[in-house]
Amino acid sequence: MTVHRPKLRGTSERFASRLFGTGVTKTHALESLVIAGFVRGLSVRDVEQTLADALGAEATLSKSTVSRVCEAIKTQFEAWRERRLDDIELDYLFLDGSCFRMHAGARAEPVLAAWGITTLGKPVLVGLAPGGSESTDAWSDFLADLGDRGLRPPLLVISDGAGGLINAAETVLTRSLRQRCLIHRARNVLAKVPARAQDEVKDAYWSIFDTDDLDLEPGQQLVDAVQTRIDAFAERYQRAYPSAVRCLLADRAQLTTYLRFPAEHHHRIRHSNFIERTFGETRRRMKVIGRLPGEASCLSLVWAVLDRASRGWRGVTQTPTGVRLLQDLRRRLLSPPTLEEVVDQAIAAAA
């Protein structure tokens, strides 16, 4: 369908279509198609051939044009990863890594990712970097860089059980609480149970953390109640599946940290799995290309996919009660009173 731009009379204002917006041209549309194709795992040659097949030979773009458009993703990524983070204040920070092939003849290497939920309840993609490995040093450097660019410590860090990640989080984000992903821990436990009993143990595991029947507010009492359920699970299965029980009891305190936070956030912050689907989609798209030309191409493609996916990520609902709880936690964890303030408070109380 051909749409003609109307002529305007009796006004000095420039026409702006509410349908197409301003500045929309055929070139911009084609460039958007090229970027979309590249993000979906098409090589430069694939993008060129796809345009020709779909729109005819006259729509074919030169290799230099396609390369220039794809290079725009790298430029956008470089600007994004160097940006300041002073204006981002997080309640929750999620950390995870996923491996991709980015060097010839080398094994798959991890890309480290950080995303979070702000104090307004909005999701945000925070950082992305190559790791070489998921060692303590790699994660520490990654987290230190986020801090150097102005990111303030969150209230809660959510991650899987990778030793290097945990060590780095506890070293760099010393004041933040830590939550171990319940989905990862469930997988660890079930891996030590025979297939015939996995459904039973899985149901028993998740019933530990189903707090709908507990008439308790978020806080220490709720944490204690769920820890008691962990003890009951251990007693029930200790004889039959001792390895599974040992797995559950390891780092058990970090399985219930989320219960100190607003109840309406619990199902959102007790695991780090929602980005795994996006990572999986990224790996699927990369299979079309095979090995990417190098680290820069890999990172820019992963970023492009995550950046677009993050626009559809779900945040959390902020209620007045929940906001007050988060503010109290923030004061206690991140802004504890100084010794002088404690003395002044004690004097005032005595008076």
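The values are calculated or read from the model by the stated rules, or taken from the named source; none is laboratory data. The shown structure was predicted, so the numbers you read here are calculated from the model rather than taken from an experiment. Using ideal geometry, Cβ is built from the backbone for each residue, glycine included, and neighbour counts are taken over all protein chains shown. Just so you know, the surface numbers come from the protein's heavy atoms only, side chains and all, with ligands and any DNA or RNA stripped out. Shrake-Rupley method; radii C 1.70, N 1.55, O 1.52, S 1.80 Å.
Before we move on, is TRP80 over 23 Å from PRO336 (Cβ atoms), of a type in the set (Phe, Trp, Tyr), surrounded by fewer than 20 Cβ atoms within 10 Å (Cβ to Cβ) and in contact with a strand residue (DSSP E or B) (Cβ under 9 Å, 6 or more places away or on another chain)? So TRP80 passes the test. Scanning the stretch 109-143 for residues that are open to solvent by 40 Å² or more (accessible area, probe 1.4 Å) and out of contact with any Gly (no Cβ under 7 Å at 6 or more places or on another chain) returns THR119, LEU120, PRO130, SER133, ASP137, ASP141. For the stretch 227-260, the candidate set comprises residues that are outside any helix (DSSP H, G or I) and within 30 Å of ARG330 (Cβ to Cβ); within that set, the residue that is least open to solvent (accessible area, probe 1.4 Å) is THR256.
Is at least one residue of the stretch 308-315 open to solvent by less than 40 Å² (accessible area, probe 1.4 Å), assigned to a helix (DSSP H, G or I) and modelled with pLDDT under 85? Among the residues of the stretch 308-315, at least one is open to solvent by less than 40 Å² (accessible area, probe 1.4 Å), assigned to a helix (DSSP H, G or I) and modelled with pLDDT under 85, which makes the answer yes. Take ASP203 and decide whether it is without any contact (Cβ under 8 Å) to a residue 12 or more places away in the chain, more than 17 Å from TYR92 (Cβ to Cβ) and open to solvent by 50 Å² or more (accessible area, probe 1.4 Å). Criteria met by ASP203.
Of all residues in the stretch 179-193, those that are buried (at least 17 other Cβ atoms within 10 Å of the Cβ) and among the basic types (Lys, Arg) total 2. The C-beta contact set for the stretch 215-230 (first residue in contact (Cβ under 8 Å) with a residue 60 or more places away in the chain and at negative phi, second residue open to solvent by less than 20 Å² (accessible area, probe 1.4 Å) and among the aliphatic types (A, V, I, L, M), distance under 9 angstrom, 6+ apart or interchain) comprises PRO218/LEU259.
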